[in-house]
Amino acid sequence: MPRYSTKFSSKRPIRRYAFFVSIALLVGFLLLQRSSQLDNSIEPVRGLAGDQLFMTAEETVWERIFGSSPKDIRIAQLEARIRELSTYEALALSMTARMEMYEQMLNVQGEVRGTEVTARVVAESNGPFAEALLANAGTANGIAVGFYAENDRGLVGRVVQVGRRSSRVLKITDFNSRVPVMGESSGLRAILFGRRDGKGQLTDQPEAGEFIHGERILTSGEGGLFPRGVVVGIVRPSRDEFLVELAMVSGQLGFVRLKPSQRVLPPETVILDDDIVSAAGLDEVVADE
């Protein structure tokens, strides 16, 4: 009596199930393609891939040989810019070395730099000034009245009150603030006071002339309130007045550096010996007086 092979009969259900599983997967794939959510998630990837393929396809053999494709042109522009900036870098380093040599030859006395303290600041809402900051550093950290505050972009203000653990900084945007400044290129001097719109205004110019549009405004050091050369902002002429876009606005105001402003003190009284006075010829001057 003939018998059916068990090997053949066991393969038929597997093939039947595989056929139905394939049909189910195909239907599921078609349904996923019609899903709007999936289409929205795939669209950015599809667009990026299409752009890359288009950029690759539009580059012809002629452009590859002669380097006239947009990519090659952009690379050439960047290389030219790097060469230009390298020239300016070498010129700046040369001028810096020359300036240091001249200062050594002339024995120039530069600005005396004291110790500085980095402090966290918060805005003050109910204080005596409209524009002021509170810093978490005081006399315990070596801070004193007259220190100036500076962030990563430029001048922020001046310390007007100090406690043991905190201090009050009057911002240069306050109307009560007065900062002696000068133009970096023109050399003109003026007084900068704050405005409500967050900008500074230049007034009380002792010299005749006009500031250059776009030049930097630096502290002049007059009066000893601020050291010379601290960045304040950029000049923006407006009608009949000169406004200053303050550099501190573009920086972060969460932390500032509190630095001492070194004043030029008047000469102290020195008692000279009689031998020194006679050797210098000062005795005749004293006798004439």
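The values are calculated or read from the model by the stated rules, or taken from the named source; none is laboratory data. Only a predicted model underlies this, so the values are computations on that prediction, with no experimental measurement involved. As a convention, Cβ positions derive from the backbone with ideal geometry for all residues, glycine included, and neighbour counts pool all protein chains shown.
For segment 153-160, indicate whether the set of residues that are touching a helix residue (DSSP H, G or I) at 6+ places or on another chain (Cβ under 8 Å), under 17 Å from Pro128 (Cα atoms) and of a type in the set (Val, Ile, Thr) is non-empty. So that I can check it myself, show each step before the final result.
Of all residues in segment 153-160, those touching a helix residue (DSSP H, G or I) at 6+ places or on another chain (Cβ under 8 Å) come to 153-156.
Next, only the ones that are under 17 Å from Pro128 (Cα atoms) stay: none.
No: zero hits.
I'd like the full set of residues that are in contact with a Lys or Arg (Cβ under 9 Å, 6 or more places away or on another chain) and outside any loop (DSSP other than H, G, I, E, B), limited to segment 211-222.
So in segment 211-222, the residues in contact with a Lys or Arg (Cβ under 9 Å, 6 or more places away or on another chain) come out as 213-214, 218-222.
Those that are in contact with a Lys or Arg (Cβ under 9 Å, 6 or more places away or on another chain) and outside any loop (DSSP other than H, G, I, E, B): Leu218, Thr219, Glu222.
Can Leu155 be described as under 30 Å from Asp240 (Cα atoms) and hydrophobic (A, V, I, L, M, F, W, C)? Full working, then the answer.
Working: under 30 Å from Asp240 (Cα atoms): yes; hydrophobic (A, V, I, L, M, F, W, C): yes.
Criteria met by Leu155.
Of everything in segment 223-244, what is aliphatic (A, V, I, L, M) and in a strand (DSSP E or B)? Give them in sequence order.
Keep residues of segment 223-244 that are aliphatic (A, V, I, L, M), which gives 225, 230-232, 234-235, 243-244.
Listed by number, the residues that qualify are Val231, Val232, Ile234, Val235, Leu243, Val244.
Of the residues Asp174, Asp197, only one is charged (D, E, K, R) and either assigned to a strand (DSSP E or B) or free of Cβ contacts under 8 Å to residues at least 12 places away in the same chain (or both); which?
On the way: Asp174 fails: either assigned to a strand (DSSP E or B) or free of Cβ contacts under 8 Å to residues at least 12 places away in the same chain (or both).
Matching residue, one of Asp174, Asp197: Asp197.
Answer yes if at least one residue in segment 160-168 is small (Gly, Ala, Ser), at pLDDT 90 or above, buried (at least 21 other Cβ atoms within 10 Å of the Cβ) and within 22 Å of the chain's Cα centre (by Cα), and no otherwise. Give the derivation first.
At the first step, the residues of segment 160-168 found to be small (Gly, Ala, Ser) are 163, 166-167.
After this cut, where a residue has to be at pLDDT 90 or above as well, the list is 163, 166-167.
With buried (at least 21 other Cβ atoms within 10 Å of the Cβ) added as a condition, the list becomes 167.
So of that shortlist, the ones also within 22 Å of the chain's Cα centre (by Cα) come out as none.
Checked segment 160-168: no residue is small (Gly, Ala, Ser), at pLDDT 90 or above, buried (at least 21 other Cβ atoms within 10 Å of the Cβ) and within 22 Å of the chain's Cα centre (by Cα).
Please specify each residue of segment 57-81 satisfying the condition of being modelled with pLDDT of 85 or more and surrounded by 11 or more Cβ atoms within 10 Å (Cβ to Cβ). Quick ask: steps written out before the conclusion?
Of the residues in segment 57-81, the ones modelled with pLDDT of 85 or more are 74-81.
Answer for segment 57-81, where residues must be modelled with pLDDT of 85 or more and surrounded by 11 or more Cβ atoms within 10 Å (Cβ to Cβ): Ile75, Ala76.
Rundown of residues vs (1) touching a residue at least 60 places away in the same chain (Cβ under 8 Å); (2) in a strand (DSSP E or B), yes/no style:
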site: Val108; (1), (2): no, no
site: Ala119; (1), (2): yes, yes
site: Val122; (1), (2): no, yes
site: Arg153; (1), (2): yes, no
site: Arg158; (1), (2): yes, yes
site: Val179; (1), (2): no, yes
